[in-house]
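So the structure is just underneath, and the comments pick up after that.
The values are calculated or read from the model by the stated rules, or taken from the named source; none is laboratory data. Predicted model only: the values in this text are computed from it and were never measured. Counting neighbours? That spans all protein chains shown, and the Cβs are built from the backbone with ideal geometry, glycine included.
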Amino acid sequence: MNKIKSYLSKYSGDVHFIELIKGASSTFILKIVGLLVGYILAIFITNKFGAFVFGQYVTALLIVEILSIISRLGIDTALVRFISRYVHNGASQLINKLFFKSIAIVTLAAIIFTLLLLFFSAYIADFMNFDEEYLLIVSFSFIPLVLFHMNVQAIRGLKKMLSFSFLNNVAITLFTFIIMVVLVSYTSSEKLPIYAYVLSVFIMTFSSYFLWFYHKTRLENSKVINSEAELTTKALFKVSIPLLLGQSMMLIMGKVDLFMLANMTSSDQVGIYNIALKLSMLAYMGLMAVNSIAAPKFSEIHSSGDIDALKKIVQQSTKTIFWVTVPVIILFLCFPKSILSVFGEEFKLAAMALIILSISKMFSAISGSVGTFLQMVGKQNLFQNILILTAIINIGLNYILIPKHGVDGAAFASAISGVIWNVLMIIYIKKNFGFYSIYFPGIR
């Protein structure tokens, strides 16, 4: 009993840890809700339309997601870094200027990429082995989707984690499912999932603007302190472009297997593998939940120069991630086929892929928030270089393994490259900051 009291008293006075847990808790809960809604939506689509249509739907969203990340130019992640710093330093008057400048730049980029998407739609559809009509339909959601993500990251920078978590993890998927349930009695069109997605994006983009302005107006209007000056466009790009390259490489790390499966196999294989990938993300939710609040905390503490506090919050976040992840991994390792059969008998083919992906996510949990840490402490160039290297490895492994092993080969390529990039970042943090980010019971 005394040991428990001692443990509680140790952390009850730690302001940074308490904020981490509070922020991560709300994010964690909504991450679970988002994943559950995503699984329900996937079950709904796969049971009504089958793996082939689900694969078409996944491929269309994958293309839009890739182009959306490029269109945002890394500015969405830069917003988290600078807005959290402005709030911490009492420079709230600079937030609006940064936000509207960012929106103007990104909107122009989104318009250009929408035109390119429409012009090259036939070539893209042919390369990805899917119906061009899906791409033409989803292109209507492209500009709103880009703006939605900008608003969401700006809210994250304000550390309004409940709003951020709902928008980022739940909103679009939930409304896609609701719209499908409402419309399914009126049409049996195989395009229904993509129509529902487009309508959902429009609704949630308007909602995200409302939440951003609501939270922003509640900030106290404070004078800009001397150490803070308005961020120039050149300075913004100096930070955002390396972040964009890092995000692009992260997307390649996470999605290139789907992309190459679409090109090298068929839509049903994409649909089957995507279910294993979605399920493995359940094991990743602890890391994603903690990262959501840890990103602005890392930036805030690093700007104060307190390395001891930075070390402490990094290691505390890894420990939290580990214990949240372990139960899910055990479940997937013991009952992969039973879990996959919920989506249909054909999805049992992804049992080995689910096991491989789950083990990879376990290693990420042990490693901690290494990628987020490097981006938030000004090491985005190093982060970018590591991801470029491991993305090349990932592509090479997929090219070799997918023709021979299908979905299992894609999972193995993703797992190996993921381990490599975590190890490289762990080593860099130890060498340059003097501490390990990792946690495993019994190892100090």
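Here is a yes/no grid of residues against (1) modelled with pLDDT of 70 or more; (2) touching a Lys or Arg at 6+ places or on another chain (Cβ under 6 Å); (3) under 23 Å from Ile386 (Cα atoms):
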residue: Met281; (1), (2), (3): yes, no, yes
residue: Ile293; (1), (2), (3): no, no, no
residue: Lys312; (1), (2), (3): yes, no, no
residue: Thr318; (1), (2), (3): yes, no, yes
residue: Leu333; (1), (2), (3): yes, no, no
Next item on the list: Answer yes or no: is there a residue in the stretch 177-199 that is more than 24 Å from Thr46 (Cβ to Cβ) and free of Cβ contacts under 8 Å to residues at least 24 places away in the same chain.
Entry: no
Check: Where in the stretch 334-440 are the helices (runs of 4 or more DSSP H), entirely inside, with at least 3 residues that are more than 28 Å from Thr46 (Cβ to Cβ) and in contact with a Pro (Cβ under 8 Å, 6 or more places away or on another chain)?
Finding: 380-433
Checklist line | Condition met for Thr217 (surrounded by fewer than 23 Cβ atoms within 10 Å (Cβ to Cβ), more than 19 Å from Lys97 (Cα to Cα) and of a type in the set (S, T, N, Q)) | finding: no
Item checked: Pairs where the first residue, in the stretch 380-407, is surrounded by 16 or more Cβ atoms within 10 Å (Cβ to Cβ) and the second is not in a helix (DSSP H, G or I), C-beta under 8 Å, 6+ apart -> Ile402/Thr265; Gly406/Thr265
